[in-house]
1. Free of Cβ contacts under 8 Å to residues at least 24 places away in the same chain and either under 30 Å from B:R383 (Cβ atoms) or more than 9 Å from chain B (Cβ to nearest Cβ) (or both): which single residue out of A:Q95, A:Q104 fits that description?
2. In this structure, is B:L295 more than 27 Å from the chain's Cα centre (by Cα), among the aliphatic types (A, V, I, L, M) and within 14 Å of another protein chain (Cβ to nearest Cβ)?
3. Residues to consider are C:L38, C:L88; find the one that is away from chain B (no Cβ under 11 Å) and crowded, with 22+ Cβ neighbours inside 10 Å.
4. I need the full set of residues from the stretch A:51-92 which are surrounded by fewer than 18 Cβ atoms within 10 Å (Cβ to Cβ), touching a residue at least 24 places away in the same chain (Cβ under 8 Å), away from chain B (no Cβ under 14 Å) and more than 24 Å from A:L205 (Cβ to Cβ), in order please.
5. Listed residues C:G210, C:G239, C:G225; which is within 13 Å of chain B (Cβ to nearest Cβ), closer than 21 Å to B:L331 by Cα, outside any helix (DSSP H, G or I) and small (G, A, S)?
6. Can you tell me which residue within the stretch A:235-270, out of those that are among the small types (G, A, S) and within 22 Å of A:T329 (Cα to Cα), is surrounded by the most Cβ atoms within 10 Å (Cβ to Cβ)?
7. Looking at this structure, is A:I341 farther than 27 Å from A:A248 by Cβ, touching a Phe, Trp or Tyr at 6+ places or on another chain (Cβ under 7 Å) and assigned to a strand (DSSP E or B)?
Amino acid sequence: MPTLTAPLSPAAGTDRAAVAEAGLHLEIRGLTKRFGPFTALGGVDLAIREGEFVCFLGPSGCGKTTLLRAIAGLAPQSAGRIVQRGRDISRLPPQARDFGIVFQSYALFPNLTVFDNVAYGLRNRRDDRGRIRERVAELLALVDLAGSEAKYPAALSGGQQQRVALARALATEPGLLLLDEPLSALDARVRVHLRGQIKALQARLGVTTIMVTHDQEEALAMADRIVVMNHGTIEQVGTPAEIYRQPASAFVAEFIGSMNFLEVRPDGAHALRLGRRRLDCPAHDCAGDEHARLAIRPEAVKLCAMNEGLSARVEHIEFLGAFLRVGLTLAETGQALVADIAVRDAEALGLAPGASLGVLLPSEALRLYPGREARA
Amino acid sequence: MRVAFPMDGSRWLSGEALVRLVALLAALALLVVGLLFPLASMLVKSLQDRAGDFVGLANFARYVQTPALMGSIVNSLTVALISTALVVGLAFLCAYGITRTCMPGKRLFRMLAVLPILAPSLLPAISLVYLFGNQGWFREALLGQSIYGPIGIVLGMCFWIFPHALMILTTALSTSDARLYEAAEALGTPKWRGFLTITLPGARYGLISCAFVVFTLAITDFGVPKIIGGQFSVLATDVYRQVVGQQNFQMGAVVSVILLLPALASFVVDRWIQRRQVAQLSARAVPWRPTPSPLRDWTFALLCYAVGAAILLVIGTAIYASLVQFWPYDLSLTLEHYAFEMLAGGGWASWFNSLKLAFSVALIGTLVIFFNAWLIEKSDGYRVLRQGLHFLAMLPMAVPGMVLGLAYIFFFNQAGNPLNWLYGTLAILVLNTLVHFYTVCHLTSVTALKQLDPEFEAVGASLKVPFWVTFRRVTLPVSLPAVLDISVYLFVNAMTTVSAVVFLYTSDTRLASVAVMHLDEAGYFASAAAMAVLIFFTSLAVKLAQAALSHLLLNRAQEWRQAG
Amino acid sequence: MSLFTRSLLGGAVALAMTTGAQAATELTVYTAVESDDLQKYAERFNEAHPEIEINWVRDSTGVITARLLAEKDNPQADVVWGLAATSLLVLEEEGLLSRYAPEGVEALDPKFVDPAARNGQDPAWVGMDAWVAAICYNTIEGERQGVPMPTSWEDLTRPEYRGQVIMPNPSSSGTGYLNVASWMQLWGEEGAWDYMDRLHDNIARYTHSGSAPCNLAASGEAVVGVSFAFRGARLESQGAPIEVVFPEEGLGWDMEAAAIIEGGDNREAAETLLDWAASRQANELYNEGYAVVAYPGVAQPIDNYPEDIAERMIDADFAWAANHRDRLLEEWQRRYDGKSDSQ
């Protein structure tokens, strides 16, 4: 396995902590993009700190790529402002902005060698040839492709091509690195490997990075912060842990990881009713509503003996290696519920389809969202 | 028109965006000046009397009341429809042979089938006179009918339109999905039902599209009916007769407008069909491979060989005709007929002029059309402008050469036109030819560009490389095979076209293709054949040079293309 | 190919010459002269006047006439050299010609000079030669198909000639029109239309140019071509199985003539060309193809022409032919043009 052992570029080798202190890299205000009657982005506000690795995450058509392209200047916004390091770049064409970009398709120039691809932006700056050669060698070493200068892109594997694209994007030392689904075209094994490599490289260079992805696992693994988007607006911005543990909306809750939704009635600010049972839960703002949706992750659901908790019936059991996924029906309301439990615990409970048992919903793991209909 | 910047208009116009806007506007200017304004002038002219006063539809009324002119509509339609039926039928069988059988000699046949494109449409007409004329070798085959008239026109059309039809249908039939045939076979469907339920429906859009292309070519062609039409007048020869013979420009404009109608109609239908076809073939389709079947293979092989032999016969006849001392009474061979200097048509100078024109159009046209296609395809913003340009680029296909040539007279020969100086120069011939053959080149460019990664430009911009550098270093080299195709297409057409340029040449800019017509008009049939043969071999040489060059380029690019 | 290299060399030399001779004036000359003679005309003229370069615009008589009329407001031509007198009369009527008396015009046969000269005006045009109607008959095909050699115009309407006769379209061809006009003068309008109605039944097709019918007869595409003497004689001497027939009723003819176009930029050069066109030298040149020329005493008998051709030419009234040109052509087109059943 190749590792990132190459020396850092002196220019990019800044202390990461210092960068973080330096404050905002990018500030987006009220960014709106319309395509005819369709609103692709509806007044997005976002601030990205210097040196941060941010992921735009969401289902296809949520506006994440549109937002990235607006930042790059490739698809100018209909309204709103983008400020990069204190400079208003809202109306600048791409070539006047400061970024490097890597696309899902790599977009390597097929008729140019790896060397010429990486040197593409350098040649234009009229650096002298020796300097360019040095810099290209340095970049290729950085992405573990030293010695591939003379090859053509077609002779490289997908992962190698993507690393060349990365080297090309970094060649001009941009202040901002934009990654547009860079890993989607690769097969699973290469993807996981390259994921680590990119993250390590980014941490080392300290370059502010925005990555667009629809793969939540990728986002959770790589990002300092995740921007979850849906229908052209931001649903939540937070660290991976925040996004996972405290999803700000039912959409985020459902989109990230697996989640059980149960229809309940709020009962005051700290409790709810599931059928006739009253359960405690963390503070919520559905107090006045008639209906609400209770969310709980399968791994937070606890199974116990029949006489404790809510009684439920085991419908089916899936073996998923490290744990079992148990499908349950609550006796009280007939609602379906899924619980992930360790194999050892299952043996202790003597789980079998048709068995009845008790279900505990720990109050600290409960979140309540307004409305009733579960979105698909 | 909503252009450029959707915001408050104060968006900073970078040097590069300015260059791009200027380039787009230049492309617009080219097509507006080279196509729209002339056509508009022609429409206006058709509504004026000789003195230039507006007379409404009076000219059209006179047209309708002149039986000789009205008859041409029926004649044109008859000839075009028969040609369409024959060409499409024959081309379908040959295309089927190429794509769906294991017939031997496919490559050879495909090479032979391209040859007619390299000759002016006057060549088959001349050959037909030698083959079926009153002294022709096969005159008995016509059972007493004269070759001068509809029979000759239809045969001549079939010859030179056949390659176009074959190309379209070969493409249509080669996009087959083997899975459908496997499914049919698994269900025990007989072969003929498979043909009716899978093959025909699959090729249906190709067939319809092909029929319209052939019909348009047939109804607008001028060369064949001019040479062999005799007293059988068609719309295209009427335009010529009205304008050149009688200098009745108003009536010429009227006939042109009428000639424009069927061409426009088939253009609209074709566009509509193209749009519907898009989603037809799924990306997962598995190409169907024929398995040998001696009876079927040899049936189609014999058919294709017969067609190939007919093509060779027609070309061979023209070559022979150009070498015979005094046909049919003195059959000794001579090169005398290639001494054009003493004859009508401008002599060898016209051949040099044609070369000059063809090289200019090939060079300028290729760069301009490909670059414009790139601007249209790969720019962001200026959406309305780009859509308008794309439409204008598609339009020339619907404008017959005769109409475009005449429209140029009306527009560029106006005394008040600042572009009046172009009139009578080689430049106007270059512009006219470029516009005349714009559409196919534009479509070829767009197809090639669509195959490129859409993000090349974005990458270039992010690396702060000006777009023209990326165009030069990446887009152009990667698209080189298509670019070569376009330039050869333009070269060959510039060499062979008669219809548009017949109105625009002057004594200094006489062209070889027009010379063929003049030599024939004046009765120098052998020299007319000689000039046509000369054009044919010139085109052939360029085509062969292209093949060699493409081969060389592909070999050199093999390294980077292999997996791309 | 030696011809090819020769032409290349020729082109290079011509290029060198034009760039060498700086003072060359370019003269745009419209003409209907037979194209196989154009080069010769230019060469002979340039022997005397190398400083003037001629740009030929050649087409059939009708086309050149129509083109000059169409360009009336924006004339492109400097000189017309070798166009039917009937057409020049039409052009004069339209005010397109500029009067000029070439040097030595007095020496020409007065019949060959614009009649206005007799009233003391400068002539609007000067004649060059007479160009005479004739029938080209292919002896081999005639014998093979049993079509006898005609001796008169009337013969051509006989049933055995059905589909065997080719004639030029008078709208485009000067030869075509001189025949129509001469038949009118021979038989009166009614008689001529009656004749043409009958002739039309025998016509295989009408051609664009006046020499095409003779060329087609020479190559056996037709047995009989209504054409003119020059072309028939030339083809006969080239070895075509052609007999040139001069019909007994009389020979229609027209005059090839030259004139200066009003409003050209190169007046001086145009006058030089016209002076030369009226010279004895030029008339000797015309005589190489035409038996009757404007300069008295120049004409030598030429091969394949009858000696008495001048006597057999009808007493043509060009003014009448010119005045009625539009009307006659329109009527002709109404009757015969685009008649698609005569394939």
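The values are calculated or read from the model by the stated rules, or taken from the named source; none is laboratory data. Values in this document were obtained by computation on a predicted structure and should not be read as measured data. Heads up, the Cβs are rebuilt from the backbone with ideal geometry, glycines too, and the neighbour counts pull from every protein chain shown.
1. After applying the criteria, what remains is A:Q95.
2. Details: more than 27 Å from the chain's Cα centre (by Cα): yes; among the aliphatic types (A, V, I, L, M): yes; within 14 Å of another protein chain (Cβ to nearest Cβ): no.
Spelling it out, it is not the case that B:L295 is more than 27 Å from the chain's Cα centre (by Cα), among the aliphatic types (A, V, I, L, M) and within 14 Å of another protein chain (Cβ to nearest Cβ).
3. Numbers: C:L38 fails: away from chain B (no Cβ under 11 Å).
Among C:L38, C:L88, only C:L88 is away from chain B (no Cβ under 11 Å) and crowded, with 22+ Cβ neighbours inside 10 Å.
4. Within the stretch A:51-92, A:P59, A:S60 qualify.
5. That would be C:G239, the only listed residue that is within 13 Å of chain B (Cβ to nearest Cβ), closer than 21 Å to B:L331 by Cα, outside any helix (DSSP H, G or I) and small (G, A, S).
6. The selected residue is A:A253.
7. Working: farther than 27 Å from A:A248 by Cβ: yes; touching a Phe, Trp or Tyr at 6+ places or on another chain (Cβ under 7 Å): yes; assigned to a strand (DSSP E or B): yes.
Here the answer is yes, as A:I341 does meet what is asked.
Residue-by-condition table, conditions (1) closer than 14 Å to B:A95 by Cα; (2) of a type in the set (A, V, I, L, M, F, W, C):
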site	(1), (2)
B:Y148	no, no
B:I151	no, yes
B:F159	no, yes
B:A165	yes, yes
B:T175	yes, no
B:A186	no, yes
